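Novice: Pasting in a structure now, in structure tokens, and then I'll have a few things to ask.
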Amino acid sequence: MSALIASIRKETLLLIRDWHALLVLFLMPSLFIVIMSLALQEQLGEQPALQLSGWLQDNNNSRASDKFIAELDRQQHLSFTKTNSGQMELSTKEQLFALTLTADFDAALEDPSRTPGMTLRFAPELAQHDRLLINAVVQDAFAHFNTTEIAESLGYDRAYAEQQLMHVGFIQAEAAADGQDEHPNAVQQSVPAWLIFAMFFIAIPISTTVIQERQQRTLTRLRTFGVSMGIIYSAKLVPYFLINQLQLILMLALGAFLLPLLGADGLSLRVQLPALFAIGCATSAMALALASLIAALARTLEQATAISGAINILLAAIGGIMIPTFVMPPLMQTLAQMSPMNWALEGFLAVLVRGGSWADIAGPCTRLLVGALILWLISTALITRGKHDV
Amino acid sequence: MLCVNQLAFSYRKPQKQLVDVSLNIAEGEILGLLGPNGAGKTTLVGLITGQLTPTSGSVHFNTKPVYLGHPDIALVPQEYAFYPRLSVRENLAYFAGVLKLATPQKRQRIIHALARCELSEVEHRRAGQLSGGFKRRLNFAIALLQSPKLLILDEPTANVDPHSRAFLLNTLRELNAEGSAIIYTSHLLSEVETLAHKVAVMNEGRIQLQGQLTDLLSEQLQSISLKLNTNPSAALISELAAQQQAGDWWELNLAASQLSPATALSRLEAAGITVQQIRYGQRRLEEVYLNCISGLKEHP
């Protein structure tokens with residue numbers, strides 16, 4: 001036991017004196033979180049209501065056209081610049097469409113077959129989906145206006161028209177029951193993603209320390225001191241496990257307290273903290289196992305650094321760390337599920353975005369722990385096989 | 001004390017193996033283990049320290065089989081086998097910390113190692129910032145923490161200044177005088193010659209030559225170097241098969257003259273020549289070693 005305590009103390013001293021490792025483990029992910037949260041804020045943040053602007057010309061100027069225009073003003077997706085000029089220039093940079101109420105607007109209401117009451121023109125470059133949206137909004141406003149008019153003529157009010165005639169609310173858009181369709185905002189995506197990336201980066205200091213000990217024959221010396229390989233490796237893992245937990249706390253604090261000061265959305269920590277800690281522990285177990293495997297495989301410092309860096313970047317790229325999985329095509333989303341970083345990210349997002357609890361992280365945690373166990377067994381076999389290399 | 005009996009070991013690579021190695025080291029004895037790179041010295045050290053398991057044969061220490069982590073056997077690797085980012089004292093504290101000893105005993109051993117290797121003045125300095133000489137001392141001091149009965153040193157004076165080399169060799173003599181047996185591998189044959197009681201020369205995984213140093217040198221003695229106050233006559237030069245070396249130094253080829261050292265000296269005395277200094281056997285170990293390695297098995 002004293003050998004284990006002495007070894008843990010030694011590893012801790014070595015780690016806190018390794019400024020390069022500390023910069024990689026703490027400063028690098030902090031910068032990534034700040035930069036990526038701010039950079040992706042518009043793409044992944046709360047989208048303001050879509051509003052498309054256009055001209056509105058009323059050539060009818062009747063009570064009916066006034067009421068219709070009032071109805072148009074109630075909707076949120078189109079904004080109008082009212083004009084009396086016949087010159088209504090359209091472009092995708094400014095006014096996207098021109099809606100003209102014809103001089104026969106009120107007459108056309110009485111006899112729609114006679115003449116159209118409105119004309120709608122679009123900027124030539126305007127995308128089809130925007131044209132459809134504008135058309136649908138105008139149609140919807142007109143349906144409200146016309147139904148209300150009919151209802152009033154029958155002695156009913158607007159509420160009756162909407163509820164009994166139009167059945168407003170008949171279709172209700174809902175989030176999926178399990179919240180799976182909820183996408184994280186920039187901070188909810190960046191904080192756990194770059195935290196996971198940083199946690200896996202412990203592979204570099206762990207593997208380089210092991211290789212230095214092997215090359216300098218410090219491991220040989222320790223073995224002649226009667227220290228078992230189990231103690232040597234366990235002692236390395238304890239400080240790095242604690243470093244992973246410290247990373248977790250600091251990165252979450254960064255998201256919760258610093259990012260709002262920089263103008264980004266804040267990360268809410270009103271979540272199941274034990275579940276958050278559990279997914280953090282499972283991620284750490286996987287990161288430590290991967291680090292052990294790299295340490296067992298690599299023979300030189302150059303190999304260790306290159307292998308660790310390459311594996312981490314590859315796992316991050318396919319695992320949804322650098323690019324969120326929900327913007328990936330289906331094939332890449334399937335591929336992402338092979339990355340342990342993706343398992344970890346799924347667990348963190350379940351807790352941080354969807355307020356998940358133990359049941360929601362059971363899958364990711366199991367995958368991470370089983371994966372860690374497999375990597376442990378492989379690295380132990382490699383270390384045992386390599387013990388004959390004096 | 002240490003008994004290596006018909007030891008054999010084979011790596012996965014068939015050309016790397018150890019064959020039929022036997023040697024004995026008694027308490028208080030120093031064995032100089034010599035051999036070119038790849039001769040099998042490190043493998044033999046690995047077998048003696050229990051890092052490797054022999055394919056056949058045995059290694060016994062005090063009549064019991066050796067095992068990895070034997071408390072009485074300490075190894076000083078050629079590499080600086082410590083942590084550069086820790087101070088001298090932290091390194092010693094760590095290695096003492098992993099020993100199965102009571103805390104006061106550990107403290108005592110740290111103090112003793114610091115004092116014996118004269119490291120107290122640098123005990124708080126980072127090991128990586130020490131000079132080569134102090135690094136060697138620290139490397140050595142860590143082994144002393146084990147208070148070993150058998151100390152195995154692999155090239156302990158490589159890249160060391162003369163002062164630190166002399167210090168290490170003196171410390172080894174002191175330890176030896178206190179009863180520790182020592183296995184010393186080095187490429188500096190002069191060091192081995194001044195330190196060792198026994199010598200074993202390894203090549204291609206076998207011990208080619210071994211024995212007491214004095215026996216080997218007397219058997220192999222072929223010349224003697226003398227510093228004379230004046231040059232001998234041509235007749236005497238011929239009789240002694242002498243050849244002038246640098247300055248006043250002369251080498252007498254005893255094999256060619258068929259004279260014993262005592263006879264050669266008496267001839268010089270009779271000619272009125274004073275012998276100011278004698279170098280006897282100083283370059284001889286190198287000669288024995290080179291002959292052995294180059295295949296001239298003078299002592300199979």
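Novice: Taking Cα pairs under 8 Å and at least six residues apart, what relative contact order does the stretch A:172-308 come out at, in percent? Let's see the in-between values first.
Specialist: On the way: 106 pairs, mean separation 59.9, N = 137.
Over the stretch A:172-308, the number comes to 44 percent.
Novice: I've got another one for you. Set the Förster radius R0 to 22 Å, insert the Cβ-Cβ distance between A:Gln333 and A:Ile313 as r into 1/(1 + (r/R0)^6), and round the FRET efficiency to 0.05. Walk me through the numbers before you get to the answer.
Specialist: Numbers: r = 19 Å, r/R0 = 0.87.
With R0 = 22 Å, the Cβ-Cβ based efficiency is 0.70.
Novice: If one takes the accessible area of chain B alone plus chain A alone and subtracts that of the pair, with a 1.4 Å probe, what total in Å², rounded to the nearest 100, results? Please list the in-between numbers first.
Specialist: Working: alone 15090 and 20860 Å², together 32950 Å².
Heavy-atom accessible area buried at this interface is about 3000 Å².
Novice: Of the beta bridges DSSP finds with both residues in the stretch A:52-179, what % are antiparallel, to the nearest 5? Please list the in-between numbers first.
Specialist: Values: 5 of 15 bridges.
Antiparallel bridges: around 35 percent, rounded to the nearest 5.
Novice: Measure nothing fancy, just the Cα-based angle from helix A:229-253's long axis to the longest principal axis of chain A, in degrees from 0 to 90, nearest 10.
Specialist: 30
Novice: What nm distance separates the two modelled labels at A:Leu382 and B:Ile111, each placed 7 Å from Cα along Cα→Cβ?
Specialist: 4.6
Novice: Mind pulling the angle between the C-alpha long axis of helix A:273-297 and the longest principal axis of chain A? Nearest 10 degrees, somewhere in 0 to 90.
Specialist: Here the helix axis deviates by roughly 50 degrees.
Novice: Roughly speaking, what is the stretch gain from A:Leu297 to A:Met322, that is 0.36 nm per residue apart minus the C-alpha to C-alpha distance, in nm to one decimal?
Specialist: On the way: separation 25, 0.36 × 25 = 9.00 nm, distance 2.66 nm.
Roughly 6.3 nm would be gained on extension.
Novice: At a 1.4 Å probe radius, carbon and sulfur cover how many percent of the accessible area of the stretch A:52-179?
Specialist: Values: 3850 of 7790 Å².
C and S fraction of accessible area: 49 percent.
Novice: Ignoring ligands, DNA and RNA, what percent of the accessible area of the stretch A:260-390 is carbon or sulfur (1.4 Å)? Can you show the working numbers first?
Specialist: On the way: 4290 of 6130 Å².
C and S fraction of accessible area: 70 percent.
Novice: Given a 10 angstrom Cα cut-off, can you work out which residue in A:Ser284, A:Ser65, A:Ser113 is the most mobile in a GNM of chain A?
Specialist: For chain A, modelled as a Gaussian network with Cα springs under 10 Å, the answer is A:Ser113.
Novice: Per residue and in cubic angstrom, what volume does the convex hull of the Cα atoms of the protein assembly as shown have? Provide the component values of the computation, followed by the final result.
Specialist: Working: hull volume 170.2 nm³, N = 690.
Taking the convex hull of the Cα positions in the protein assembly as shown, it is 247 Å³ per residue.
Novice: Give me the extension gain from A:Ile249 to A:Leu120: residue separation times 0.36 nm, minus the current Cα-Cα distance, reported in nm with one decimal. Walk me through the numbers on the way to the answer.
Specialist: Details: separation 129, 0.36 × 129 = 46.44 nm, distance 5.60 nm.
Contour length minus the Cα-Cα distance gives 40.8 nm.
Novice: Taking +1 at the Cβ of each Lys and Arg and -1 at the Cβ of each Asp and Glu, which of A:Val168, A:Ser153, A:Phe97 sits farthest along the dipole of the stretch A:52-179 towards its positive end, judged by Cα position relative to the Cα centre?
Specialist: Among A:Val168, A:Ser153, A:Phe97, the one farthest towards the positive end of the dipole of the stretch A:52-179 is A:Phe97.
Novice: Using only the alpha carbons of the stretch A:52-179, determine the length spanned along each of the three principal axes and report them from longest to shortest in whole angstroms.
Specialist: 45, 43, 23
Novice: 7 Å from Cα along Cα→Cβ at both A:Ile150 and B:Asn231: what's the point-to-point distance in nm?
Specialist: A separation of 13.9 nm, rounded to one decimal place.
Novice: Quick one: 3J(HN,Hα) in Hz for the stretch A:22-38, Karplus 6.51/-1.76/1.60 with θ = phi - 60°, rounded, Gly and Pro as x.
Specialist: 5, 5, 5, 7, 10, 5, 4, x, 4, 5, 4, 4, 5, 5, 6, 5, 6
Novice: Report, as a whole number in µm² per second, the diffusion coefficient that Stokes-Einstein gives for chain A at 10 °C and 1.306 mPa s using the Kirkwood radius over alpha carbon pairs.
Specialist: Details: Rh = 25.6 Å.
Translational D for this selection: 62 µm²/s.
Novice: Cβ under 15 Å from B:Asn231's Cβ, B:Asn231 left aside: what net charge do those residues give with Lys, Arg +1 and Asp, Glu -1? Mind showing how you got there, number by number?
Specialist: On the way: positive: B:Lys227, B:Arg267; negative: B:Glu239, B:Asp248, B:Glu251.
The answer is -1.
Novice: Here is a further query. Based solely on its DSSP helices, what 222 nm [θ] is calculated for the protein assembly as shown when runs of n ≥ 4 H residues each add -39,500 (n - 2.57) and the sum is averaged over all residues, nearest 500 deg cm²/dmol?
Specialist: Values: 27 runs with 337 residues, N = 690.
For the protein assembly as shown, the value works out to -15500 deg cm²/dmol.
Novice: Moving on. Can you work out the Karplus-derived ³J(HN,Hα) for every residue in the stretch B:187-204? Use 6.51 cos²θ - 1.76 cosθ + 1.60 with θ = phi - 60°, whole Hz, and x for glycine or proline.
Specialist: So the Karplus estimates, Gly and Pro as x, are 8, 8, 5, 4, 5, 4, 5, 7, 10, 7, 8, 10, 9, 10, 10, 9, 7, 6 Hz.
Novice: Given points 7 Å out from each Cα along the Cα-Cβ axis, report the B:Lys64 to A:Gln212 separation in nanometres with one decimal.
Specialist: 3.6
Novice: At a threshold of 8 angstrom on Cα-Cα distance, excluding pairs fewer than six apart, so keeping six or more, what relative contact order does the stretch A:52-179 reach in percent?
Specialist: Numbers: 165 pairs, mean separation 30.8, N = 128.
It comes to 24 percent, rounded to a whole number.
Novice: Using a Förster distance of 56 angstrom, determine the FRET efficiency expected from the C-beta separation of A:Arg158 and A:Ala39, and round it to 0.05.
Specialist: Details: r = 46 Å, r/R0 = 0.81.
With R0 = 56 Å, the Cβ-Cβ based efficiency is 0.75.
Novice: If you count the DSSP beta bridges with both ends in the protein assembly as shown, what percent of them are antiparallel, to the nearest 5?
Specialist: 60
Novice: Compare the Cα positions of B:Asn5, B:Gly69, B:Ser180 along the charge dipole of chain B (+1 at Cβ of Lys, Arg; -1 at Cβ of Asp, Glu; about the Cα centre) and return the one farthest towards the positive end.
Specialist: B:Gly69
Novice: Tell me, what is the percent relative contact order of chain B, built from C-alpha pairs under 8 Å that lie six or more residues apart? Before the final figure, lay out each step's value.
Specialist: Details: 535 pairs, mean separation 59.7, N = 300.
Reported as a whole number, the value is 20 percent.
Novice: I've got another one for you. Excluding B:Leu188 itself, what net charge comes from residues whose Cβ is under 12 Å from its Cβ, given Lys and Arg +1 and Asp and Glu -1? Kindly include the intermediate steps, with their values, before the conclusion.
Specialist: Working: positive: B:Arg165; negative: B:Glu155, B:Glu191, B:Glu193, B:Glu286.
With Lys, Arg at +1 and Asp, Glu at -1, the net is -3.
Novice: Take the Cβ-Cβ distance between A:Glu94 and A:Ala256 as r, set R0 to 41 Å, and report the resulting FRET efficiency rounded to the nearest 0.05. Working shown, then result.
Specialist: Working: r = 41 Å, r/R0 = 0.99.
E between A:Glu94 and A:Ala256, to the nearest 0.05, is 0.50.
Novice: Less than 17 Å apart at the alpha-carbon level, and either on another chain or at least 8 residues along: which aspartates and glutamates does that give for B:Lys135?
Specialist: Counting by Cα, and skipping residues close in sequence, B:Lys135 has these aspartates and glutamates nearby: A:Glu213, B:Glu79, B:Glu90, B:Glu118, B:Glu121, B:Glu123, B:Asp154, B:Glu155, B:Asp161.
Novice: Running a GNM on chain A with Cα contacts under 10 Å, which residue among A:Ile294, A:Ile231, A:Ile204 ends up with the highest mean-square fluctuation?
Specialist: A:Ile231
Novice: On to the next question. Given chain A, what percent of its DSSP beta bridges are antiparallel, to the nearest 5?
Specialist: Numbers: 5 of 15 bridges.
Antiparallel bridges: around 35 percent, rounded to the nearest 5.
Novice: Put +1 on the Cβ of each Lys and Arg and -1 on the Cβ of each Asp and Glu in the protein assembly as shown; which of B:Ile111, A:Leu4, B:Ala242 then has its Cα farthest toward the positive end of the dipole?
Specialist: Projecting each Cα onto the dipole axis, the largest value belongs to B:Ala242.
Novice: Follow-up question, since we're still on this one. Angle, helix A:358-385 long axis vs. longest principal axis of chain A, Cα atoms, 0 to 90°, nearest 10?
Specialist: Helix A:358-385 sits roughly 30 degrees off the main axis of chain A.
Novice: Work out, step by step, the length gained on full extension between B:Asn159 and B:Ala177: first 0.36 nm times the residue separation, then minus their alpha carbon distance; give nm to one decimal.
Specialist: Values: separation 18, 0.36 × 18 = 6.48 nm, distance 2.60 nm.
That works out to 3.9 nm of additional length.
Novice: Have a look at the stretch A:217-247 and report residues whose accessible surface goes down by 40 Å² or more when the remaining protein chains are included, against the chain on its own, probe 1.4 Å, ligands and DNA/RNA excluded.
Specialist: Going by heavy-atom accessible area, the residues of the stretch A:217-247 that drop by at least 40 Å² are A:Arg217, A:Thr218, A:Arg221, A:Leu222, A:Arg223, A:Thr224, A:Phe225.
Novice: What is the dipole size for the protein assembly as shown, taken about its Cα centre, with +1 at each Lys and Arg Cβ and -1 at each Asp and Glu Cβ, in debye to the nearest 20? Before the final figure, lay out each step's value.
Specialist: Numbers: 51 positive and 57 negative charges, 745 e Å.
I would put it at about 3580 debye.
Novice: P(r) for chain B, please, calculated from all Cα pair distances in 10 Å bins and given in %.
Specialist: Bins of 10 Å from zero give 6, 24, 27, 21, 13, 7, 2, 0 percent of pairs.
Novice: Please compute the per residue accessible area over the stretch A:52-179 with all protein chains in place, 1.4 Å probe, rounded to a whole number of Å².
Specialist: Values: 7790 Å² over 128 residues.
With all protein chains present, the stretch A:52-179 gives 61 Å² per residue.
Novice: Please report, in debye to the nearest 20, how large the charge dipole of the stretch A:52-179 is about its Cα centre when each Lys and Arg carries +1 at its beta carbon and each Asp and Glu carries -1 there.
Specialist: Numbers: 9 positive and 19 negative charges, 55 e Å.
Charge dipole of the stretch A:52-179: 260 debye, to the nearest 20.
Novice: Could you give the dipole magnitude of chain A about its Cα centre, charging the beta-carbon of Lys and Arg +1 and that of Asp and Glu -1, in debye to the nearest 20? Present the calculation step by step, with values, prior to reporting the outcome.
Specialist: Numbers: 23 positive and 31 negative charges, 656 e Å.
Here the size comes out at about 3140 debye.
The values are calculated or read from the model by the stated rules, or taken from the named source; none is laboratory data. Everything numeric here is computed off the predicted structure, so don't read it as measured data. Backbone-built Cβ (ideal geometry, glycine too); neighbour counts: all protein chains shown. Just the protein is used for accessible areas: all its heavy atoms, side chains included, with ligands, DNA and RNA removed. Shrake-Rupley method; radii C 1.70, N 1.55, O 1.52, S 1.80 Å.
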